[in-house]
1. What ³J(HN,Hα) values, in whole Hz, does the Karplus curve 6.51 cos²θ - 1.76 cosθ + 1.60 give for the stretch 9-17 when θ = phi - 60°, with x put for Gly and Pro?
2. Give the long-range amide H neighbours of V67: residues separated by 5 or more places, or on another chain, with amide H under 5 Å away, using H modelled in the peptide plane at 1.01 Å from N.
3. For T144, T23, give the ranking by accessible area with the largest first, probe 1.4 Å.
4. Using Cα pairs under 8 angstrom and six or more residues apart, how large is the relative contact order of the stretch 13-55, in percent?
5. Could you give each residue of the stretch 115-127 its phi-based ³J(HN,Hα) in whole Hz, using Karplus coefficients 6.51, -1.76, 1.60 with θ = phi - 60°, and x for Gly or Pro?
6. When we measure straight from the Cα of K26, which aspartates and glutamates land under 13 angstrom away, once same-chain ones fewer than 8 places off are left out?
7. For the stretch 1-64, with every protein chain kept in place, what is the accessible area per residue (1.4 Å probe, Å²)?
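The values are calculated or read from the model by the stated rules, or taken from the named source; none is laboratory data. If you're wondering where the values come from, they're calculated on a predicted model, not measured in any experiment. SASA here: full protein model, heavy atoms, side chains in, ligands and nucleic acids out. Shrake-Rupley method; radii C 1.70, N 1.55, O 1.52, S 1.80 Å.
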Amino acid sequence: CAKVQSQSVSKFDLYLFNDEVETSLKLSAKQVHDKLADAVTTGNTNLPEALRLATAGSSKPILILLVTDGQAVSSKENGEILAANLAKSAVLRRSKIVFLQAGYSPEGATFVASLNDALAARGMGKQAHTVLFEETSQKGILGTIEPILVK
């Protein structure tokens, strides 16, 4: 965020979710950092609502970094929400979705692959990237996503 903000005047929208979705709009890089530093994972995963809010009607490029262990998020609705909302976006070609698997679980690998497949089936494969935990654990999150963002 700090790197992006240093190159533009962009602010960031952040959607943190568990049972409920917490929406924070027009944050600075420092505010994003502080929110993430204070975030605690609890409860169930309300991913469909978070995806609806994050992708509905955006007029600016979207970067979704979805970090998930894949447990308790088996709804097929998730990929469809992403595909349907992003297909409506005028800035789709400039948007990126990165699915980061957290932890070594078969559920996580299957889930991030299913999201990626839902977008690829709609011709959005160039926007979607799946990163399995092994790669993230070797390169770190920034080392994993930076090459994707500059493509």
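1. 9, 5, 10, 10, 9, 10, 10, 9, 8
2. Placed amide hydrogens put L100 under 5 Å from V67.
3. I get T23, T144, largest accessible area first.
4. 48 percent
5. Per residue, the Karplus-derived 3J(HN,Hα) values read 5, 4, 5, 4, 6, 4, 5, 9, x, 10, x, 6, 8 Hz.
6. Straight-distance partners of K26: D13.
7. So the stretch 1-64 comes to 67 Å² accessible per residue, rounded to a whole number.
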